[in-house]
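Worksheet for the structure shown next.
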Amino acid sequence: MGILGDIKNAIFDGEENKIVELVKQALDEGQTASEILDKGLVEGIRATGDAFEKGEKFIPEMLLSSESMKRAMVILKPLLVEEGAGGGFGKAVLATVEGDVHDIGIELVGTMLETAGFEVRNMGPDVPTEDIVEAVKEDKPHIVGLSALLSNTMDVMPDVIEALADAGLRDSVKVMVGGAPVKQDFADEIGADGWAYDAASAVPKAKALRSQLPD
Ligand code: B1M
């Protein structure tokens, strides 16, 4: 099966003590950080979600899988940033919207944007709308990136866009949305400026949006 399959299984089985060792082994064997991320970790967490949906896994097991993923990311994040080009692209404020505790996806988006040269403030999960508005006032980012993993929390996204408009900040930022249930048509419907399917495609999208703003 190979080391990437072992990593996928270790995430699926929530083996938080074994994962670090496996990731180091994969790096020693010459796998790149992105290969380990895409073909090991992300595959493993996706399989976990599928098993949860079928009733084969429960919340405590999903937590172990996500904890394992986070431990692996501690090793991979600096390497992913190193793999990327870098280069002063602009600022991004990222958050998973209020009521939603899923933060692995937005972490990955943040890592990829940093890799591409954005200065990133990742506010983490379950962020109240007013805190996002405050962060935009303080940081004056070019991009506001919102994530939602639940079909009910995606409905918070238009509230954030409206709150930015009410605060007079809407024209100074580009709002990008994403997360498993969020699609392009939803992004269009709520007046977001962009949508990306995954962390890799978030980079060209954020760059394109950034280029639409003055320096
Ligand atoms: Co939750 N959960 N969960 N969960 N969980 C899902 C999302 C679910 C699809 C599982 C399932 O049923 N198959 C389901 C949602 C169904 C729905 O509403 N459509 C679900 C549910 C129901 C729940 C609870 C309600 C369960 C319960 O309590 N009964 C509960 C909700 C709690 C809450 O938020 N209020 C809950 C809780 C949890 C845990 C806490 C146990 C844990 C989260 C731990 C953590 O994040 N710290 C958890 C996990 C781990 C998952 C799954 C298994 C994995 C999520 C993940 O990390 N994926 C997930 C099933 C799944 O995704 N298949 C599931 C890996 C990550 C790399 O992908 O987050 O999609 P993703 O991010 C991608 C893209 O979406 C995109 O790029 C990322 C990287 O490529 N992307 C963006 C994300 N944000 C973006 C922003 C962008 C652009 C792209 O621009 C800004």
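Where a number appears in this text, it was derived from the coordinates with a stated rule and is not lab data. Treat the numbers as computed from the prediction; the structure is a model and nothing was measured. Positions of Cβ are backbone-derived with ideal geometry, glycine not excepted, and every protein chain shown enters the neighbour counts.
Just to be sure I follow: if Rg is taken over the C-alpha atoms of the chain and Rh is the Kirkwood radius over the same atoms, what is Rg/Rh?
Over the Cα atoms of the chain, Rg/Rh equals 0.99.
Report P(r) for the range 2-83: all Cα-Cα distances, bin width 5 Å, range 0 to the bin holding the largest distance, values in whole percent.
Calculated over all Cα pairs of the range 2-83, the distribution is 3, 18, 30, 24, 14, 7, 3, 1 percent.
Which pairs in the list Lys8/Lys183; Lys8/Lys54; Lys57/Lys174; Lys137/Lys205; Lys24/Lys91 are over 29 Å apart, alpha-carbon to alpha-carbon?
Details: Lys8/Lys183 26 Å; Lys8/Lys54 19 Å; Lys57/Lys174 38 Å; Lys137/Lys205 23 Å; Lys24/Lys91 32 Å.
From Lys8/Lys183; Lys8/Lys54; Lys57/Lys174; Lys137/Lys205; Lys24/Lys91, over 29 Å: Lys57/Lys174; Lys24/Lys91.
So if I take the centroid of the Cα atoms in the range 39-118 and the same for the range 160-202, what is the distance between those two points in Å?
If we compute the Cα centre of each part, the gap is 19 Å.
What full-extension length gain, to one decimal in nm, is calculated for Phe52 and Lys207 as 0.36 nm per residue of separation minus the Cα-Cα distance? All intermediate terms of the calculation are to be shown ahead of the outcome.
On the way: separation 155, 0.36 × 155 = 55.80 nm, distance 3.50 nm.
Here the answer is 52.3 nm.
Given the rule -39500 (n - 2.57) for each run of at least 4 DSSP H residues, summed and divided by the residues of the chain, what is its mean residue ellipticity at 222 nm, to the nearest 500 deg cm²/dmol? Spell out each step's value before the answer.
On the way: 9 runs with 110 residues, N = 215.
For the chain, the value works out to -16000 deg cm²/dmol.
Could you give me the percent of Cα pairs per 5 Å distance bin for the range 163-215, shortest bin first, beginning at zero and ending with the bin that holds the maximum distance?
4, 19, 27, 25, 18, 7, 1
Taking θ = phi - 60°, what integer Hz values does the Karplus form 6.51 cos²θ - 1.76 cosθ + 1.60 yield along the range 103-115, in sequence order, with x for Gly and Pro?
3J(HN,Hα) across the range 103-115, in whole Hz: 10, 5, x, 5, 4, 5, 4, x, 4, 5, 5, 4, 3.
Would you mind ranking Ser68, Ser211 so that the residue whose beta carbon has the fewest other beta carbons within 10 Å leads the list? List each step's numbers first, then the result.
On the way: Ser68 28, Ser211 11.
Sorted ascending by nearby Cβ count, the order is Ser211, Ser68.
Which whole-number percentage describes the relative contact order of the chain, with Cα contacts under 8 Å and a sequence gap of 6 or more? Walk me through the numbers before you get to the answer.
Details: 375 pairs, mean separation 35.1, N = 215.
About 16 percent, as a whole number.
Taking the Cβ of Asp126 as the centre, find all other residues whose Cβ is under 12 Å away and add up their charges (Lys, Arg: +1; Asp, Glu: -1). Before the final figure, lay out each step's value.
Numbers: positive: none; negative: Glu98, Asp100, Asp103, Asp131.
Spelling it out: positives minus negatives among the neighbours equals -4.
Can you compute the radius of gyration and Dmax for the range 54-165, using only the Cα atoms, both in Å?
15.2, 45
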